[in-house]
Amino acid sequence: MRKILLVIDMQNDFIDGSLGTKEAVEIVDNVVNKIKHYGLENIFVTMDTHTENYMNTQEGKYLPVEHCIKGTNGWELNAKIKEAVNGAKIYEKPTFGSTKLAEDIKAIADKEEIEIEVVGLCTDICVISNALMIKAFLPEVKISLDPKCCAGVTADKHNAALEVMRSCQINIE
């Protein structure tokens, strides 16, 4: 059984930048330790990626805080995470979920048995979006999430997202 780790949006802006939280800062070492249990060929990383026109997008109108503008320090992966995932496949995504990631994971699952673990930021936006998209593509594949390796916009939203994922048969471990 191949075990795959999805590392979602562990970028500076979500950790200690424009949208950072103390909870996000606190999970960095947990995520690095989790990464060490997987081979690089089994690690898939997403990066929230916006352009200079972010404020003119639908997302920018609902969340009017510039973040993860490609090429900025805030867009970069956290230094500890970047070192830990060096050599892993990275997906730049302009929105919450990555359809390309889901398609690639499905292609792997079509060839071999897999399990998926999801970690990262933010639990209530990009983590849940990617987890549910992959669950829709692969309803019989075990997907799990370690809440000590995720943080939400707020603690309440983190917990609410965990409950939604539990309801959708994602194992919260």
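Just so you know, all these numbers are worked out from the coordinates, no wet-lab data involved. This structure is a prediction, so every number in the text was calculated from the model and none was measured. Positions of Cβ are generated from backbone atoms using ideal geometry, with glycine treated the same way; all protein chains shown enter the neighbour counts.
Of note:
- Computed over the chain with a Gaussian network model linking Cα atoms closer than 10 Å, the most mobile of 13, 156, 146 is 156.
- Protection proxy ranking, highest mean first, for peptides 113-119, 85-91, 133-139: 113-119, 133-139, 85-91, where packing is the per-residue count of other beta-carbon atoms within 10 Å, averaged.
- Lys/Arg +1, Asp/Glu -1 at C-beta; the chain dipole; positive extreme among 91, 126, 114: 114
- Filtered trypsin sites (Lys or Arg not before Pro), the range 25-61: DSSP coil and at most 16 other beta carbons within 10 Å: 36
- Across the range 124-131, computed HN-Hα scalar couplings (Karplus, 6.51 cos²θ - 1.76 cosθ + 1.60, θ = phi - 60°) run 8, 10, 7, 5, 5, 4, 5, 4 Hz from first to last residue, x flagging Gly and Pro.
- The range 133-161 and the range 63-115: distance between their alpha carbon centers, rounded to Å: 15 Å
- Amide H to amide H, with H built 1.01 Å from N, residue 146 comes under 5 Å of 118, 173, counting only residues 5 or more places away or on other chains.
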